[in-house]
Amino acid sequence: MKEYKVEEHLDQFRSDAPEHKEVKNLAELPAEDRERMLRAGIDDKEKSAGTIVHADHDTVFCNANLKGVQVMPISYALFKYGLEEYSWKLIERDKDAFTERAANRKEGGYFIRAEKGAKAEFPVQACMYIETDALAQDVHNIIIAEEGSELSVISGCASGPHVRSGLHVGVSEIYIKKGATLTFTMVHDWAEEMAVRPRTVVVVEEGGKYISNYNCLKPAKDLQMYPTVYLNGDRSVATFNTVLMAGEGSKMDTGSRVYLRGRGSRAEIVSRTVSTGGEIYARGHLIGEAEGVKAHLECNGLLLSDKGKIHAIPELEARHKDLEMSHEAAVGKINQEETEYLMARGLSETEAQSLIIKGFLSLDILGLPESLRKDVDKMVEESAGAM
């Protein structure tokens, strides 16, 4: 059977969508939409440095609450600043069929910048929301953490209650200047028939730090992402923490690639994957190109169904003699002895397996808001109960 490829079926997605009016407060949005956004980490009750919500092709809400942090639609940022040195400089417009879509359609996206020396105590919330069934949403985002700044972004992607299928293409270019730190947490909560194509490239200067947390515990039909980081500055750092759960019928092809070009640069890629019937490709690629480089790659998978598949694909590439890089990969099942141990202490079999899955996924590393953690815990419990 010929493998289904989304790029060969782009015409099945619609490009037109109803116009969405801007609101002055997130509370004005329908309750069912706010509930979906909450599951993707966007909480209007949490303190934030700013919030932007993009529904279908329109920005419906945008504000910035902290001095030194800018949050605005990408269209307005291009008009106000030009952004010639940042826009489409890290990703080629014609890299693939999806970047071409985002470049040509110009349907929206966000611009977030932490000014020089700014320390954002609370995260910026950015939500890409699809409310129209079978819609193709193409967005282009730019994030800049200026010299010495500290910024956290929670990027939540979700679909409305009446959406079953669609395509989301998100092109993101991220710049981390000298001594700056960016923590970027992405949460996907898509409908079961969604095709998702994030395209992300990050450049980190001297002493800069990039921390990526990715969480996808809902069974999107087809997810493909392979963010790339260039550690160009000396003593720059990149960390990837990825948590995936693939249900039956879903395919998740994910990975991270880091080029360590600065002297003494550091990188760590850690992925935790669980298949309850879906197919997962967990990739990782570390390329060491400078002296004093240290990097580690870890891919661990938990297979809970004979219908599922997990492919762990770690890769190390050394281009300098003075460096240290390592990797480990493991795929297995829930340990029966651990289950029996917990059951002997009063837990049911489902409760025991749920606790083991939670511990395996290491959700604490993601730094998720409490409201989202509760929803994630519920999804894990439901998966354990379905085994």
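The values are calculated or read from the model by the stated rules, or taken from the named source; none is laboratory data. Predicted model only: the values in this text are computed from it and were never measured. Cβ atoms come from the backbone with ideal geometry, glycine included; neighbour counts cover every protein chain shown. All accessible areas refer to the heavy atoms of the entire protein, side chains included, with ligands and DNA or RNA removed. Shrake-Rupley method; radii C 1.70, N 1.55, O 1.52, S 1.80 Å.
Considering only Cα-Cα distances, which of the following residue pairs are longer than 21 Å: Lys177/Lys209; Lys119/Lys209; Lys89/Lys251?
Lys89/Lys251
Can you tell me the accessible area per residue over the chain, all protein chains present, probe 1.4 angstrom, in square angstrom? Write out the running numbers ahead of the final one.
Working: 17110 Å² over 387 residues.
That works out to 44 Å² per residue.
Size of the dipole of region 193-245 about the Cα centre, Lys and Arg at +1 and Asp and Glu at -1 on the beta carbon, nothing else charged, in debye to 20? Could the numbers behind the result be given before it?
Values: 6 positive and 5 negative charges, 39 e Å.
Computed charge dipole of region 193-245: roughly 180 debye.
To the nearest µm²/s, what D does Stokes-Einstein give for region 153-296 at 10 °C and 1.306 mPa s, using the Kirkwood radius over alpha carbon pairs as Rh?
Result for D is 102 µm²/s.
At 0.692 mPa s and 37 °C, plugging the Kirkwood radius over alpha-carbon pairs of region 1-108 into Stokes-Einstein gives what diffusion coefficient in µm²/s?
197
Using a simple spin-label model with points 7 Å from Cα along the Cα→Cβ vector, what separation in nm is obtained for Arg105 and Tyr226?
Going from the Arg105 label point to the Tyr226 one covers 2.2 nm.
Could you give me the radius of gyration and the Dmax of region 114-207, taking only the C-alpha atoms into account and expressing both in angstrom?
15.2, 46
Helix-derived [θ] at 222 nm for the chain: sum -39500 (n - 2.57) over DSSP H runs of at least 4, divide by residue count, nearest 500?
-5000 deg cm²/dmol
Place +1 on the Cβ of every Lys and Arg and -1 on the Cβ of every Asp and Glu in the chain, take the dipole about the Cα centre, and give the residue among Gly179, Ile357, His57 whose Cα lies farthest towards its positive end.
Gly179
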